[in-house]
Amino acid sequence: MTHEKRPVIIYGGSFDPPHRGHAALARAALRQLKPSALYLVPGFRTPFKDYRPAPFAARAALLRAALGGAGLGGRAEIKISSFEANLRRVVFTWETVAHFKKLHPGAPLYVLMGSDCLAGFGGWRRPEAILKSASLLVGLRPGHSIKKGGIPFTALAGSFPEADSTAVRAELFLGRRPAQLHPAVLEVMGEKALYLSRERRLLEGSLSPRRYAHSLHTAELALSLAPAAGVPQRQAALAALLHDCARDLSPAAQRRLCPPRSPHLAETLREAPVLAHAWAGAALARKKYGVEDPEVLEAITLHATGAPGMGPLARLVYVSDLANQGRTFHEARLVRELAAVDFEAAFRAANYVKLVYAFAGGGWVHPLSVGLWNSLQEKKKN
């Protein structure tokens, strides 16, 4: 067999971030097939996910660190391909296979995946085109069968660790060090300030330990509820982390940051000046943290009062601020438990709880909060 006739393996995915499961699959594939090339192909964006991954250059650096940590660094047959990233769009696997078929004419092609991906292969774009040009090389992951069925594949010897990339990212957004990542990968993340590490560092330096812990609790609940709320993961984490970024500023500093056209500003500063931190926070998020996403800024602005017509992200932060695990009062726990089964019901309940507390204290109730209540009641009637 000539060198060119040796197998070529294509291993695509977001690799956001690359974890021990990725490295284990790659190592086993090299051992079993002894290919002339194993291409790791980070996608620009995947068709089944609603988030934008870290930039390609950052993920390539993380992949190099992951490979080095797994003892695969420097292997000539391992290559990180920019094919999909260079197209700057969703690229389907059949297109990637066609690209490498042209690059390696006559070589047997294999598409490497875990058994969790095999289960959904029939729903991929043009699966028949993939199978016409390449074979599937599948490694067993816990909780997913690898039974022979209607889809032909080659089984990879051994079993491989499960690592849920979504769960790993959630831990990273909260400043944790997931065991699924090699220390070398975590080191590169710190150097490149990935997964909101810059924002957390600035925030921790700006808030009291108690307030910073509250922000982390809010982000943790927001991340767990983001799928039910229809919110991308990174967006949920960023808005929740920064929702109280101006809370520990002096009243005068908060007042200076408030946009002059903030709704009911004069009345708010007179009757409940503490609420001004939300508007000040949105201004500070833009100025200090570089946030330009209007949905994130809306979520920070409205997390305390709410308002009619709030978007999904704003509703998510509104609920998470009230109901996170750092809140010890009874109603917070009830709203948190409700949010796990019915997010919209929890949103209505959060508005009710906030209004009850305001009225019970004999305090002033912000017109935006009342407007939100009225809009929700009107919606129920219709």
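The values are calculated or read from the model by the stated rules, or taken from the named source; none is laboratory data. It should be emphasised that the depicted structure is a prediction, and the values quoted were computed from it without experimental measurement. Cβ: placed from backbone, ideal geometry, glycine included. Neighbour counts: every protein chain shown.
A few notes on this one:
- Extreme residue, farthest from Pro152 (Cα to Cα), among residues of the stretch 83-135 that are of a type in the set (D, E, K, R) and at pLDDT below 95: Arg88
- Candidates are the residues of the stretch 20-34 that are aliphatic (A, V, I, L, M) and more than 12 Å from Gly71 (Cβ to Cβ); the one that is surrounded by the most Cβ atoms within 10 Å (Cβ to Cβ) is Leu25.
- Of Ala240, Ala282, Ala276, all but one fail to be within 19 Å of Ser320 (Cβ to Cβ) and touching a Pro at 6+ places or on another chain (Cβ under 9 Å); the exception is Ala282.
- Out of Leu118, Leu38, sole residue that is hydrophobic (A, V, I, L, M, F, W, C) and either over 30 Å from Gly230 (Cβ atoms) or touching a helix residue (DSSP H, G or I) at 6+ places or on another chain (Cβ under 6 Å) (or both): Leu38
- Only one of Ala37, Ala54 that is assigned by TED's automatic domain parsing to the domain that holds Phe160, crowded, with 18+ Cβ neighbours inside 10 Å and farther than 20 Å from Val111 by Cβ: Ala54
- Residue count, the stretch 63-84 (criterion: surrounded by 21 or more Cβ atoms within 10 Å (Cβ to Cβ) and over 18 Å from Leu112 (Cβ atoms)): 1
- Hits in the stretch 358-382 - residues which are part of a helix (DSSP H, G or I) and touching a residue at least 24 places away in the same chain (Cβ under 8 Å): Pro367, Leu368, Ser369, Gly371, Leu372, Asn374, Ser375, Leu376
- Test: residue in the stretch 191-199 that is under 30 Å from Pro142 (Cα atoms), aliphatic (A, V, I, L, M) and surrounded by fewer than 17 Cβ atoms within 10 Å (Cβ to Cβ): no
- Residue within the stretch 49-56 that is farther than 26 Å from Glu191 by Cβ, at pLDDT below 95 and outside any helix (DSSP H, G or I) present: yes
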